[in-house]
Amino acid sequence: MLDSKSRKQRATVNFLYNPQSLSKGDLIDSFIVRQKTFDRIFKEIKKAKMQHPEQHLLIEGKRGMGKTTMLLRLAYEIENNSSMSKWLVPLVFNEEEYSIRKLFKLWERVAELLGEKSKIFKGLRGKMKLLSAAHNSDEEYEKEAFDLLTKTLNENRKKIILFIDNATDMFSKFSDKDAHRFRKVLQTSAEIRIVAASAIPVRPFYDYRHPFYEFFKIEYLQGLDTTETFELLSTLGELYPHKDIESILENQKGRIEALRRLTGGVIRTILLLFELFIDDEGGEAFQDLETVLDRVTPLYKHRMDDLPAMQQEIVEAIALSWDAISVKEIAQVTRMESKVISAQLSLLVKNDTVHKIRTNTKNNLYQISERFFNIWYLMRNGRNSDHNRVIWLVRFLEEWCDEVEITERAKKHITHIKNGKYNSMSAFHITEALAFTKHIPADIQHELLENTRQYLAKTTEDLAKKLSKSDLTLYKKAMILFEDDQYSNALPLLLKMKNKDHIKIAFAHEKVNQNFDQAEAFYQKAVDEGTPHANYFMATLYHNQEHKFRKAEQSYQAAIQEGNAEAAFALATLYLGKKKFDKAQNTFKNAIDLGNFDAKLMLVFMDLSVLKNDYEAESNLIQILNQEEILNQNFDFSIERVKLLGLGFVFLLSKGHFDFLYHFFNNEKAMANQFKDRFKPIYYALLYFLKEQYPNEYLRMGIELKETVEEIVEQVEMMK
C-alpha cells in the first residue's frame, strides 16, 4: 500500500477515467476489487504455455466497470512474474486505436509496441515499412508482415499476448476478408494470444454470420455487489483519508447500498459520486463528473444515434422519467400505440438498453439499464424548464440523507456559496438537487435558492435566471393571483412547487376551463397523501360539478370519519336533495356533534318544511338564538346562513315570539354583532307587530324598506 501522504490528494478524473496514466505501482496498489476475476483469468493465462493456439478471451462489461484496469493489471502481473516474462511479452494497446482499420495496421502497431518494450525488436517496424513499400496489395503485405512478426518472435523465443481495449470498435472496422483472415491467424498461430475488452453489446461475437461468432471465451464484468462496494470504499478510505468514510461504512450501510444501486455497481461512477456526496466544498467533484459526462458523450450519443427514431423517442421518455414507467405512461408521453411501444421495448430489452421490471400484473415497468447512461441523458438532454437534469441527484440525496442531514448539507452548501469560491455549474446543479429533495424544509430551501441566485447573478447570469424559484416564492405569488381569481396564471406556479398543494392545484383546474378530470386527479393525490380535508374537497367536486352522487357520498363519509363537520353538513344536504329525509336528519345531527352550526338551522328548516313539526322547530330555534355562539362577534354571516336565520326569524314572528325577538335584537352582544343591520327588514317587520309598545321605533324605518317590510309581514301572516 502506498504511504498516506502520497494518497491524500483527492482522486482526479485521470485516475478514474485513464488508469493508463498511473504508474505500474500505483495501479497495482489501487486495484481494489475484481480480485477473484483477476485471479481466475491470470491463472488461465499462466497455465497456458502456448505450445499450440490458445483460447482467446474477451472481458465484457459496460463503461466504467474496470475493464481497462483489469487488462493493465493482468499485463503488469505477467511483467512481474519472473518465469512468464522470460518468454511472454504483454502488449497493452491504447484505449482508443483509431488508426487500426485494416489487419496489416494491427501488425504494424504490434511491431511498434514490441519496439517500445525491448531493443531486440527495435528494427521490426522498419522492416515492415520496407515490406509495405514493396507490395501494392494490402492482402499480400499483411501476410508478409505477419510472417515477419512470427519469424522475429520465434527467433527470439518469445510469445506475445495482446491486451486490446474496446476490441469491438477495432474489429468492426475490419472488412469481411480481414475478419476471416484474422480468425484463421488466431486459430493457427501459437505465437499470439488475445485478451480483449469491450463494452456491451458486442454484436460481432453474437452474430452467427460473423467470423468471430462464439470465437472468444467471454468473461462478464457485472456491477459490483454489496460486499465488493464496501471493499472498494474501505480501501478508498485508506488511500484518501476522510473522517466520514469510516463512520459511514460502519454505521450507515444503507447509504452505501443506495450508492451501489444508483450507479449500477459501476466502479468509476461509485468513486465519483461517493466523493461528491462526502466532500465537495468547491464543487470540484461535480466538475469531475461533468468532465466524465463530456468524455462519454461520443459513446452515448453514438448509442442513441444507432437506434431507430421510434426507439429513440421511447428511450427518451424512459430516461426523462428516471424512475421505472409503464407502457401506458410511455404512450401518454409519445402518443404511440401501446402495441407498437411493446414491440419496440422488446428490442430495447434484448440489446440491454432498457431493463424490464416484472410486476404481479401484465403491466410491467421499464427503466434505462445503465443508470450512468440515464444520468448522462438527463444532464445533457434534460429540459432546462424542469428538474429532470438533476432528478438522479435528488433521488440519491433522498436515499443518502435523512431530513436532519439534508438540512445540514444545505446549510453547509449555503456557507460554501457565501464564501464565493464555488464552481458555478456545480453550484447550480447541487442547489437544484438539494432544493428539490423531499426532506428539505421550506425556509431552508428558500434560503438556499436565494443565496445561490445572488452568487450566480455575479458569476454566471444565465444560470441565475434558470435557477428555480422556492416554494415560498411560488406559493406567495400564486395566492395573490388566487385572490384576483386569476387561476390560469396561478396554476403554473403551483405546479412548479416541490411540495405541491394538490388541493389548490385541483381547485385551479376546476376553475380553469372546468377541467374536472385533472381536478379529480390532483384531489386524489391529496387524498393519497393524507392531506387534511382532501376527501371533503373531492366530495364537493363529485357533488357540485360532476353530479356523481354515489362517489360524493363515499368521499363525504371518508371526510366525516376524519372529523370534518362541513362534510357531514354537505352530505346531509345531498340526502335532503335526494329526499332521503331520515338519512338527512341523522347526518345533520352528526354534523352538529362535530361542531357545525348550520346543521342546527337546517334541522329547524327540516322540521318546518319537511317534517311539519312546528313545535320542535320552534323550540330548537329559540335554543339556538339563546346560545353564546350566535352572539359571538366572530360569528360568520355567510349568505346561506343569513337566509336560514331569516327564515327562522319569520317563523318565530308567525308564532308570536315578538318580545323574545325584540330582546334578542337589542341584546348588547347582538347589537355588537350588528344583527339589526344585517336583518333590518325583518327587525322593522317585528316593530310592525309591536307598534303599540314601540310606536316611534317603527317610524324610524326608511321609505326604501317599506315595500320589503310589507312583504315580510304578509309572509308572516301566511305562515300563521
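Of the residues Ile192, Ala534, Leu611, the one whose Cα sits farthest towards the positive end of the charge dipole of the chain is Ile192 (charges of +1 on Lys and Arg Cβ, -1 on Asp and Glu Cβ, taken about the Cα centre). Shape class for the range 567-655: oblate, because the ratio a/c of the largest to smallest gyration tensor axis (alpha-carbon atoms, square roots of eigenvalues) is 1.5 or more and b/c is at least a/b. Near Asn499: Cβ cut-off under 15 Å, other residues only, Lys/Arg at +1 and Asp/Glu at -1. The net charge is +1. Summing Lys, Arg as +1 and Asp, Glu as -1, what charge do residues with Cβ under 10 Å from the Cβ of Ile160 carry, Ile160 excluded? Here the count lands on +3. Going by a ≥ b ≥ c, the root eigenvalues of the Cα gyration tensor, does the range 623-696 fall in the rounded group (a/c under 1.5), the prolate group (a/b larger than b/c) or the oblate group? Prolate, because a/c is 1.5 or more and a/b exceeds b/c. Taken about its Cα centre, the chain carries a charge dipole of roughly 3720 debye when the Cβ of each Lys and Arg holds +1 and the Cβ of each Asp and Glu holds -1. Simple rule: put +1 on each Lys or Arg Cβ and -1 on each Asp or Glu Cβ in the range 650-715, find the dipole, and look at Leu690, Tyr662, Val709; the Cα lying farthest toward the positive end is Tyr662.
Counting every other Cβ atom within 10 Å of each residue's Cβ, Val512, Val89 order from fewest to most as Val512, Val89. Distant-in-sequence amide contacts of Leu58, defined by a placed amide H-H separation under 5 Å and a gap of 5 or more residues or a different chain, comprise Ala196, Lys217, Ile218, Glu219.
Remark: the Cα gyration tensor places the range 55-210 in the oblate category, a/c being 1.5 or greater and a/b not exceeding b/c. Ordering Ala75, Met719, His547 by the projection of their Cα atoms onto the charge dipole of the chain, which places +1 on the Cβ of Lys and Arg and -1 on the Cβ of Asp and Glu, puts Ala75 at the extreme positive end.
Taking every alpha-carbon pair under 8 Å whose residues sit at least 6 apart, the range 384-466 reaches a relative contact order of 36 percent.
For Lys579, the lysines whose Cα falls under 16 Å of its own Cα, not counting residues fewer than eight places away in the same chain, are Lys612. This model, with +1 at the C-beta of Lys and Arg and -1 at the C-beta of Asp and Glu, gives the range 34-220 a dipole about its Cα centre of some 520 debye. Electrostatic tally near Thr269: other residues with Cβ closer than 12 Å to its Cβ, Lys and Arg +1, Asp and Glu -1, net +3. Of the chymotrypsin sites (Phe, Trp or Tyr not before Pro) found in the range 95-175, those in coil by DSSP whose Cβ has at most 15 other Cβ atoms within 10 Å are Tyr98. Note: relative contact order over the chain, using C-alpha pairs below 8 Å and six or more positions apart, is 7 percent. Report, in whole Å, the centroid distance computed from the Cα atoms of the range 417-476 and the range 593-629. That distance is 57 Å. Plainly put, the chain has a radius of gyration that is 1.22 times its Kirkwood radius, both from alpha-carbon atoms, as the Rg/Rh ratio. Over the range 371-448, the alpha carbon radius of gyration divided by the compact-protein estimate 2.2 N^0.38 Å works out to 1.08.
Do the sum for the chain: with -39,500 (n - 2.57) for every DSSP H run of n ≥ 4, divided by all residues, what is the mean residue ellipticity at 222 nm, to the nearest 500 deg cm²/dmol? Result for the chain, helices only: -19500 deg cm²/dmol.
Applying a DSSP loop filter and a limit of 11 other Cβ atoms within 10 Å to the GluC sites (Glu not before Pro) in the range 657-720 leaves Glu692.
Bear in mind these aren't lab numbers, they're just calculated from the coordinates by the rules spelled out. What you are looking at is a predicted structure, and each value in this text was computed from that prediction instead of being measured. Here the Cβ is made from the backbone with ideal geometry for all residues, glycine too, and neighbour counts use every protein chain on show.
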